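**Student:** Before I ask anything, let me first share the structure, which is written out below as structure tokens.
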Amino acid sequence: MLSNYSSLADEVQALADQLFDGRIDGPRMRRLEALIENDLACLQVYVERMTYHGELVKNAEVRSPAQAALAVMREFSYAVRMHERRRWFAQFWIYGGMVASLLLIVGGALFFTGAFDPVPVGIVAGLSDDAQFSSTGIDLGRFVRRGEQITVNQGMISLQLSNVLVDVLGPASIQLEAGDRMVLNAGSLFAKMLPGANGFTVSTPDVEVVDLGTEFYVQYTPVTGTQVSVRQGRVRASLLDWKHAPVNLLELTDGRSAQFQGAAQLVREVVYQPEVFQPIDQSRGGIQRIDGLLRTTPRIPVSLQSEQLQTTNHMLVIPERQNVLLDRDLVIPGEGEPVRIPAGAVISSYLIHYDPKVLATLAPRGAVTFFDEIAAVTATEEGLKATDHLGLPGIRFESNKFREFEMDEDEVRISQDRKTVSFYCGVNPGEFLDEARVIVVAKTKGVVPAP
Amino acid sequence: MALTYHDIYSTGLTIVGNQDDAEDVIQEVCVVLWQKFDEFDEGTNFRKWAHAVTFNVAKAYARKKRRRRGFGFNDYVLMKVSQMKSGGEELFELQCEVLRECMDHLPEADREFLSACYRNSSSLTNYARELGRSVETIYTKLKRLRRRLTECVTRKLGKE
């Protein structure tokens, strides 16, 4: 046994030397790969051998280590100087800005008491990976304020206001008038009231839509006017005249749509097209909020194999099959005891996908909050395979085992109310494909760990 | 920084396996570290950050080379190599210390020969010409010296 190991170690050393010397050919490279892929001891011998060569290169260096590093340091020192300079300017602007803000506040209080009050009315609760805005600084968790205008050049932004979740699909422009009131200047938005809430109002140049507890879609273009579609619940839509006064009122309920044109004073019901909700279902599904370096994606990926849908400095959360009624128990293996979701439960699946590009420089970490409760999070190869059937139809998954999160370094935590799952991927930028799947249950009865 | 320079060189070399390739990688790493320096979180470990960047650059380099040549380590192997390299850091450092001791015990001429080979690995043919020897003769001698050093390291580590 020992001599067998010894001969393999010798072989690995010889092949590693050939690789180092640039004298290895295809068959020998494949042999080396097979040895280190399948045998941990051979892997160690290979790394030892390359470290050994690195040490010999270092010893052969005519320059001292400091001299060798000096050339690199010259490049770094420039970067550091620029960094320090930027920091100094940032501090200057921060302190200067603080003084200026103080003066403005005092001045504002004196001259505009009560009139100047840009209070927060909500937060940015979601962003798609392709989201672009005409202004900078729009990021997850940031407050949005009364009077603020947001122009979405492309992608999607989700805003959590006091009692409604609004998704704005670019290109679009909105203005926040209050926590329950918004103007749609161009483009389209989706609004979903939180349970039990109502009264959210969206206005366009043609119409004022008051929500009466529902989920609806509004699209406005200067050419076609405003289209309102109701997926669930009821809205009251008032056609506006040129003075912005309501002149005609229409109530819309589940599965109905209407077209409004203020200039022509035209209101007509049109065919309800459920596919208008497709972008939001695809991108957000039952996600209430995301935080940190997570993003949604508006595109349905064809393949989730390694390097096919790459991410840089963020993780993607992809809604998969939604509202699936289980006709048999679903057992999900994991690190600990498997989770059993009994037949009859209605589940939705979400995939967390992280496949960094070459120059990932941040360790992704973030959290997803769902409307429903999380039944299971699986990040192991076994668990992912057992639940791949919940993926979108026709999608291809990676078959190699490096797909799973490395749990010794990466952490996945579920909140006490089981609605939020947090992903913390160590301190270093990622290197390879990592995936996890979150199963959310609409009806939580009977979800128990299997014996 | 001097320590980090050699560390990242060693990491790059372990991934790409070849001295010339490792030098290309290090050049690219320097550029990336320079470009991305303002993204470095000062509260975290620079060495770890530099290693992660090195690994990513080296991985991309290895992939490109694999595509060009038609063979090379697959991603899974590259990941295992990276994990082994970072996980066994202390052990490898100990082995390097022992290797340096073994180098000190080599005759002066052998030490010079070894250093010359490692300095000139990309043009061993020229070096062989300078010495008036064939390349194969140079490799044979290099192999013999490597073996001696390996045996010395094994012996010393075994004793310890």
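The values are calculated or read from the model by the stated rules, or taken from the named source; none is laboratory data. Note that the coordinates shown come from a computational prediction; the quantities given were computed from them, not determined experimentally. Cβ atoms come from the backbone with ideal geometry, glycine included; neighbour counts cover every protein chain shown. Surface areas here come from the heavy atoms of the whole protein model, side chains and all, with no ligands, DNA or RNA. Shrake-Rupley method; radii C 1.70, N 1.55, O 1.52, S 1.80 Å.
**Student:** What distance in nm separates the simple spin-label points at residue A:329 and residue B:36, each placed 7 Å from Cα in the Cβ direction?
**Tutor:** 4.6
**Student:** Hey, can you rank B:53-65, A:336-348 by average C-beta count inside 10 Å, highest first?
**Tutor:** Details: B:53-65: 22.2, A:336-348: 16.6.
In decreasing order of mean packing, B:53-65, A:336-348 become B:53-65, A:336-348.
**Student:** Counting only heavy atoms of the protein chains, get the accessible area per residue of chain B (1.4 Å probe) and round it to a whole Å² value.
**Tutor:** Values: 7890 Å² over 160 residues.
In whole numbers, chain B has 49 Å² accessible per residue.
**Student:** Let me ask another. Rounded to the nearest 500, what is the 222 nm mean residue ellipticity of chain B from helices alone, with -39500 (n - 2.57) per DSSP H run of 4+ residues and division by all residues?
**Tutor:** Taken over chain B, the calculation gives -27500 deg cm²/dmol.
**Student:** Calculated FRET efficiency, residue A:254 and residue A:337, Cβ-Cβ r, R0 41 Å, to nearest 0.05?
**Tutor:** After rounding, the FRET efficiency stands at 0.45.
**Student:** Chain pair B, A: how much accessible area is buried, both chains summed, with a 1.4 Å probe, in Å² to 100? Display every interim value, and only then the final one.
**Tutor:** Working: alone 11050 and 24310 Å², together 29010 Å².
Looking at B and A, the buried total is near 6400 Å².
**Student:** Can you pull the mean other chain C-beta count within 10 Å for peptide A:161-169?
**Tutor:** Details: counts 0, 0, 0, 0, 0, 0, 0, 0, 0.
Taking all residues of A:161-169 together, the mean is 0.
**Student:** At a Cα cut-off below 16 Å, give the aspartates and glutamates reachable from residue B:36, other chains included and same-chain residues fewer than 8 away excluded.
**Tutor:** Cross-link targets: A:75, A:84, B:28.
**Student:** Moving on. How crowded by other chains is B:94-105, given as the mean number of beta carbons from other chains within 10 Å of each beta carbon? Walk me through the numbers before you get to the answer.
**Tutor:** Values: counts 0, 4, 8, 1, 0, 6, 4, 0, 0, 3, 0, 0.
Per-residue shielding by partner chains comes out at 2.
**Student:** Still on this model: Do any residues of segment A:5-43 lose at least 30 Å² of accessible area when the full set of protein chains is present rather than just their chain alone, and if so which, with a 1.4 Å probe?
**Tutor:** SASA drop of 30 Å² or more in segment A:5-43: A:19, A:20, A:21, A:23, A:29, A:33, A:36, A:37, A:43.
**Student:** While we're looking at this one, here's another question. In segment B:54-74, whose amide N lies under 11 Å from the spot 7 Å out along Cα-to-Cβ of residue A:37? List them in ranges.
**Tutor:** B:72-74
**Student:** Is there a simple number for the mean count of other chain Cβ atoms within 10 Å of the Cβ of residues in A:319-328, and what is it? Don't skip to the end; give the middle numbers.
**Tutor:** On the way: counts 0, 0, 0, 0, 0, 0, 0, 0, 0, 0.
Neighbouring Cβ atoms belonging to other protein chains average 0 per residue here.
**Student:** While we're here: So, with a 1.4 angstrom probe, what is the percent of accessible area on segment B:81-144 that is carbon and sulfur? Provide the component values of the computation, followed by the final result.
**Tutor:** Values: 1700 of 3610 Å².
That fraction is 47 percent.
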